[in-house]
1. Could you order the peptides 216-226, 53-63 from most to least packed, using the average number of other C-beta atoms within 10 Å per residue?
2. Taking the Cα centre of each part, how many Å lie between the range 111-165 and the range 199-220?
3. Where is the GNM fluctuation largest for the chain (alpha-carbon springs, 10 angstrom cutoff): 191, 103, 159?
4. From a point 7 Å beyond the Cα of residue 48 in the direction of its Cβ, which residues of the range 7-21 have a backbone N at a distance under 20 Å?
5. Compute a Gaussian network model of the chain, connecting alpha carbons closer than 10 Å, and tell me which residue from 204, 99, 161 fluctuates the most.
6. With the crude spin-label approximation of a point 7 Å out along Cα→Cβ, what separation in nm comes out for residue 174 versus residue 148?
7. When only C-alpha pairs under 8 Å and at least 6 residues apart count, what is the relative contact order of the range 40-173, in percent?
8. Can you give the FRET efficiency for residue 220 and residue 41, using 1/(1 + (r/R0)^6), R0 = 22 Å, r = Cβ-Cβ distance, to the nearest 0.05?
Ligand code: FPP
C-alpha cells in the first residue's frame with residue numbers, strides 16, 4: 001500500500017478516563033462521561049478526514065473485573081449516549097456497528113443497539129464500530145468453535161481452513177484490517193484489541209488521556225501514519 005494514503009481503518013484504545021478524572025479530584029465515572037463526548041468530536045473529525053472505518057474499544061472482556069458500580073455506570077452511559085448520537089450519525093452519514101458479545105447487556109440496551117444499527121444501516125460515509133464486551137481471544141476462540149462445528153457437521157473440510165475463512169468467522173467479517181491503531185493514556189500495549197486485524201497496523205501512542213484527545217491529535221497521528229513505510233513483511 002502507498003504509505004502516503006490516509007488510513008482506511010483507524011482503531012482506538014480510549015485509555016485514561018479514570019486517571020484524567022482523578023487528576024482533577026473528580027470521580028472516575030466523570031472521566032468516562034467526558035470520554036463519551038470526545039467520541040462525538042473524533043467521529044466528526046474522522047468523517048471529515050475521509051476515514052472509512054473507526055473502531056473504538058469501549059468495553060473489554062476484562063473490564064468486568066472493575067467495581068460493579070463502574071461497570072453499571074459504563075453500561076448506562078452506553079445506553080444514554082448512543083441514543084443521543086442519532087443526530088450525529090444522520091448528519092455525518094455514519095453507520096453504527098458493534099463487535100463483541102453484547103448478549104450479556106440488559107435486553108433494553110441490546111434492543112437499543114439493534115435499533116440504532118438498523119436506523120443507520122444505509123449510511124455510507126463511515127462505519128463507527130464500538131467494541132463492547134470485546135476481546136480478541138474471545139473472538140478467535142468463537143471463530144475456532146464455529147469452524148470446528150461446521151467440520152463436525154460435514155459442511156467443511158479441515159483443508160478449507162484458511163486465513164480468509166477465519167476472517168469470515170470474526171466479529172469483523174465485513175471490515176478491512178486495521179491500518180492505524182492509536183492508544184491514549186501513556187501505556188504501550190494492545191490489551192487484547194483486534195490482535196488478528198492489527199497484524200500489520202501502524203501503532204501510535206499518546207501520553208495524553210482520552211478526555212484530552214483532540215481532532216488535532218488525530219490529524220497528527222494520520223500525518224505520522226502517512227510517513228511510515230509499510231512493507232507488510234516485504235522489502
Ligand atoms: C479506559 O479508561 C476506558 C474505558 C474502559 C471505557 C471507555 C469508554 C468510554 C470512552 C465511553 C464510551 C462511551 C460511549 C457511549 C461511546 P480507564 O478507565 O481504564 O482509564 P484509567 O486507565 O485512567 O483508569
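A short reminder: the numbers here are calculations on the coordinates, not readings from a lab. Since the model is a prediction, treat every value here as computed from it, not as a measurement. A quick note on method: Cβ atoms are made from the backbone with ideal geometry, for glycine too, and the neighbour counts reach across all protein chains shown.
1. Working: 216-226: 15.9, 53-63: 20.9.
Order by mean packing, descending: 53-63, 216-226.
2. Cα centroid to Cα centroid, the span is 27 Å.
3. Top of the fluctuation ranking is 159.
4. Under 20 Å, as judged by backbone N against the label point of residue 48, lie 7-12 of the range 7-21.
5. Answer for the Gaussian network model of the chain: 161.
6. It works out to 2.8 nm between the two label points.
7. Details: 144 pairs, mean separation 43.3, N = 134.
In percent, rounded to a whole number, it is 32.
8. The value I calculate is 0.90.
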